1. Report whether or not Val62 is loosely packed, with under 10 Cβ neighbours inside 10 Å, over 22 Å from the mean Cα position of the chain (by Cα) and at pLDDT 80 or above.
2. Just wondering, is there one or more residues in region 40-59 that are exposed (fewer than 10 other Cβ atoms within 10 Å of the Cβ), part of a helix (DSSP H, G or I) and at pLDDT 75 or above?
Amino acid sequence: MSRNRNRRRAVRARTAITACALRLFTASAVGLLLLGAAIAADRSALGEATTPGGGLVLDGKVKHPQRLSVDALRKLPAERVEVSFQTGVG
């Protein structure tokens, strides 16, 4: 009788370890998929903001939308501006 009880306990322990390993694997796989999706979204957003040969696209709610190549950016005068942002909450 005691031998059968010990076998059942051993089987339950292995089943619990297997279930735990499966949950850990599933959580890791989901995390990797989310990370991959975030990286892909970041890359696509970056691709939308640059020109094919390099440079910058200024569009949206701006007065003068334009595409600037790397050479055009280098020709512009350098300028340094201090900027701060404050909100009503914290």
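1. So Val62 fits the description; yes.
2. No, the conditions are met nowhere in region 40-59.
The values are calculated or read from the model by the stated rules, or taken from the named source; none is laboratory data. Note that the coordinates shown come from a computational prediction; the quantities given were computed from them, not determined experimentally. Note: ideal-geometry Cβ built from the backbone for every residue, glycine included; neighbour counts use all protein chains shown.
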